[in-house]
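Here the structure is laid out as structure tokens; the discussion comes afterwards.
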Amino acid sequence: MLRLIFTRLALFVPTLLAASIILFIAINVVPGSAARSALGVDATPQAIMRFEALNGLDRPLIVQYSDWFIKAMQGDFGKSFQNRVAVGPEILKRLPVTLELALLAFLIANVIALPLGAIAAFRHRKILDVIITTFATILGAVPNFWLATLFVLLFALIWPILPAGGFTPFLSDPKANLIQMILPALSLGLVSSSLLLRIMRTTMLEVLNSAYIKTAHAKGASERVVLIRHALRNALIPFFTVGAVEFGFLFGGVVVIEDIFRLPGIGSLVLVGIINRDYPVLLGSALVITIVVLAANMIVDTIAMILDPRQIHAGER
Amino acid sequence: MKIEANKRSSTLEIENLSVAFGQGSKSAVVVDNISLKIGKGEIVGLIGESGSGKTVASLAVLGMLPRGAKVVQGSIKLTNDPLLERTDDYRRSIRGDRIALIPQDALRSLNPTGKVGYQVGEPLNLHRSASWAFARSKAIELLRSVNLSDPELRSEEYPHQFSGGMQQRAMIAMGLSTEPELLIADEPTTALDVTVQAQVLDLLRAVRDQHDTSILFITHDLGVVANLCDRVYVMYSGAIVEEGPVDQIFSNPSHPYTQGLLDATPRIHGAMTGLTPIPGQIPLPNKRPVGCRFSDRCLFALPQCASTPKPITVGDNHISYCLRVKELGGSS
């Protein structure tokens, strides 16, 4: 068990390395120039050359990358091209906002998906199943930014019961913080719940049709005991594994949602970084998001492993 | 209706049971008017090929018919308790308590995420309100009684750590936990090696000898039946075609279908003449021939076979539903 966790930890570093290389290449392949963005369209070729020399952009990519990566691993993410602010501390300041949003959204997605998916499977092909599946399909087809705009329109403008944006740190005023988080977390979480719900339904269906569930019935277990004692744990194993992937996807949504609700998180930093071709900002934020997603994956995989004795023993042999 | 001797105490008494899938004109009668009795401490075989309705009949006894199937006539009595007149809750309460099922595929029938000891002791928790600690200690005892070595250790393991034979023995231990009146074993040895198979059969026999448990043994394996059972019912396409004591069924098979089954079974002794398969296939429930449903595959069929088969006594408790049984005769 512990060995399996250590194996995962050991894989963390190469995964991060690979992810950072892809990030770096992606950013440099995309057309656009950091110097032009920083200096404006009227900048002279000399000014651009000076800017590039100053920021090390005239060096070969491989050198730029290794320089950046080595410093980043030491916690130095460089300075923003735009305002010369150190990127590291800025990310650190914004990280809690993004983490809170992502975790709340993920929580909402799971709280919706778990019971509804299980119920849909339990009432397979009955009316309740059809209603739930339709609900999931519609949610899956809706983009989260569209849902977010709709929520702002409905709950902040037409029926103003919730704020349309802004952020108060949780520690200074938990209530105000949570109220501000409702709409962003909901628009992210609802959309994420769609996939999770369908996964839960499918795995639960598979479990309910299995021979060991028949055994449980043959033992005289009630429906409730069958569902909770025998079916749920088995259905949760694939559910968690997919959940980890979905958590990663959720961060894609964070970028847009933070902008819509004016949340000062890493997502909005990524957006600014892209618009301004502010490489240090963009690379730093993306790297931190990668670390968070990798860590989440590891935690979820470990939970799935604890739930599934077959995986634990597979590792021992 | 047979006489006093059998009426004394049958553990299971099925009378004129029919089970159908679907409704109205589209319904398919999968089990058609079968009657079957198992006395106390008796091991009764129910033989038939896939699709003959033997498993559905056993599910009707358990009250676990799949969605869409229902009993359309007949009665099922468990030691004089008319099960079909009882509520679903009542039937659930005797399932795993007075009737236990030993399924075919032990590995897939054990919960992969539950410790074996926990699963073996669970019926005690469900039906006797036993604490988990008690159920666990009882499970260790049960695992020891089915000849599992190191039961203390084994009870803490998961099903995938067991071999096929150990898994099946754990299933039997689970079935025995509440000392049921009736064990339904649905092809429990099909997935096992021959040597392991023999161990499991010995175990079932020992269970019967020690606890006087009645066993309904469902199989398509005639060798196993000869080895284990006291009496046999041969089922074909939803109906029983022959019944009798096991030695008589084997020495004097009195229905062309039973004879066909025996001819299609490999034997160690006897000439190497190759096996004779039964021509054709088992008919679908709504495509059965009129009268004797084996008639379309039968080498001895006559026009009269289109009339409803009647029971014909061939010997002591030995009944055939073939109207030509007298003229065809047995081999002995």
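Tabulated data for the structure shown
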read-out	value
Selected residue (only one of A:V245, A:V152, A:V226, A:V207 is hydrophobic (A, V, I, L, M, F, W, C), modelled with pLDDT of 90 or more and farther than 24 Å from B:P103 by Cβ)	A:V152
Entirely in region B:56-142, the helices (runs of 4 or more DSSP H) that have 3 or more residues that are away from every other protein chain (no Cβ under 11 Å), under 15 Å from B:S18 (Cα atoms) and hydrophobic (A, V, I, L, M, F, W, C)	none
Unique residue being under 18 Å from the mean Cα position of the chain (by Cα) and surrounded by fewer than 20 Cβ atoms within 10 Å (Cβ to Cβ) when the list is A:I291, A:I257	A:I291
Residues satisfying the stated conditions in region B:22-47, i.e. at pLDDT below 95, surrounded by fewer than 18 Cβ atoms within 10 Å (Cβ to Cβ) and part of a strand (DSSP E or B)	B:A28, B:N33
Pairs where the first residue, in region B:105-116, is in contact (Cβ under 8 Å) with a residue 24 or more places away in the chain and the second is surrounded by fewer than 20 Cβ atoms within 10 Å (Cβ to Cβ) and among the small types (G, A, S), C-beta under 7 Å, 6+ apart	B:D105/A:A211; B:D105/B:A191; B:A106/B:G164; B:L107/B:G164; B:S109/A:A211
Selection within region A:61-81 - surrounded by 17 or more Cβ atoms within 10 Å (Cβ to Cβ) and among the polar types (S, T, N, Q)	A:Q64, A:S80
Every residue from region B:299-311 that is in contact (Cβ under 8 Å) with a residue 40 or more places away in the chain and under 23 Å from B:L36 (Cβ atoms)	B:P309
Helices (runs of 4 or more DSSP H) wholly inside region A:261-317 that include at least 1 residues being within 14 Å of chain B (Cβ to nearest Cβ)	A:279-307, A:309-316
Region B:216-265, residues that are among the acidic types (D, E) and not in a strand (DSSP E or B)	B:D221, B:D230, B:D247, B:D263
Test for B:E157: is it farther than 20 Å from B:S58 by Cβ and acidic (D, E)	yes
Of residues in region B:164-189 being within 18 Å of B:L46 (Cβ to Cβ) and more than 13 Å from every other protein chain (Cβ to nearest Cβ), the one modelled with the highest pLDDT	B:E181
Given (1) assigned to a helix (DSSP H, G or I); (2) more than 30 Å from A:P184 (Cα to Cα), index of the condition A:D76 fails	(1)
Test for B:L78: is it farther than 28 Å from B:R169 by Cβ and either of a type in the set (S, T, N, Q) or surrounded by 21 or more Cβ atoms within 10 Å (Cβ to Cβ) (or both)	no
Matching entry among A:E206, A:E246 (being under 28 Å from A:L178 (Cα atoms) and either among the acidic types (D, E) or in a loop (DSSP other than H, G, I, E, B) (or both))	A:E246
Condition met for B:V120 (at pLDDT below 95 and over 16 Å from the mean Cα position of the chain (by Cα))	no
Qualifying residue in region B:41-55 (condition: within 19 Å of B:T213 (Cβ to Cβ) and within 14 Å of chain A (Cβ to nearest Cβ))	no
Failed item, numbered, when A:F249 is tested on (1) surrounded by fewer than 16 Cβ atoms within 10 Å (Cβ to Cβ); (2) farther than 25 Å from A:T302 by Cα; (3) in contact with a Ser or Thr (Cβ under 9 Å, 6 or more places away or on another chain)	(2)
Test: residue in region B:149-163 that is away from chain A (no Cβ under 13 Å), buried (at least 16 other Cβ atoms within 10 Å of the Cβ) and assigned to a helix (DSSP H, G or I)	yes
Test: residue in region A:243-253 that is of a type outside the set (A, V, I, L, M), away from chain B (no Cβ under 13 Å), more than 20 Å from B:Y118 (Cβ to Cβ) and more than 15 Å from the chain's Cα centre (by Cα)	no
Residue match in region B:174-189 (condition: surrounded by fewer than 21 Cβ atoms within 10 Å (Cβ to Cβ), outside any loop (DSSP other than H, G, I, E, B) and either aromatic (F, W, Y) or in contact with a Leu (Cβ under 6 Å, 6 or more places away or on another chain) (or both))	no
Scope region A:85-132; condition within 20 Å of A:V242 (Cβ to Cβ), surrounded by 20 or more Cβ atoms within 10 Å (Cβ to Cβ) and in contact with a Pro (Cβ under 9 Å, 6 or more places away or on another chain); matching residues	A:A105
Residues satisfying the stated conditions in region A:205-230, i.e. crowded, with 18+ Cβ neighbours inside 10 Å, aliphatic (A, V, I, L, M) and facing chain B (nearest Cβ under 9 Å)	A:I213, A:A216, A:A218, A:A221
Residue in region A:160-179 that is crowded, with 21+ Cβ neighbours inside 10 Å, touching a residue at least 12 places away in the same chain (Cβ under 8 Å) and assigned to a helix (DSSP H, G or I) present	no
Those residues of region A:16-60 which are of a type in the set (S, T, N, Q), in a helix (DSSP H, G or I) and surrounded by 16 or more Cβ atoms within 10 Å (Cβ to Cβ), in sequence order	A:S20, A:S37
Odd one out for A:T149 among (1) polar (S, T, N, Q); (2) more than 14 Å from chain B (Cβ to nearest Cβ); (3) buried (at least 16 other Cβ atoms within 10 Å of the Cβ)	(3)
Residue within region B:268-284 that is within 21 Å of the chain's Cα centre (by Cα), at pLDDT below 85 and not aromatic (F, W, Y) present	no
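The values are calculated or read from the model by the stated rules, or taken from the named source; none is laboratory data. Owing to the predicted nature of the structure, the values given are computational and were not obtained by experimental measurement. FYI the Cβ positions are ideal-geometry reconstructions off the backbone, even for glycines, and counts take in every protein chain you see.
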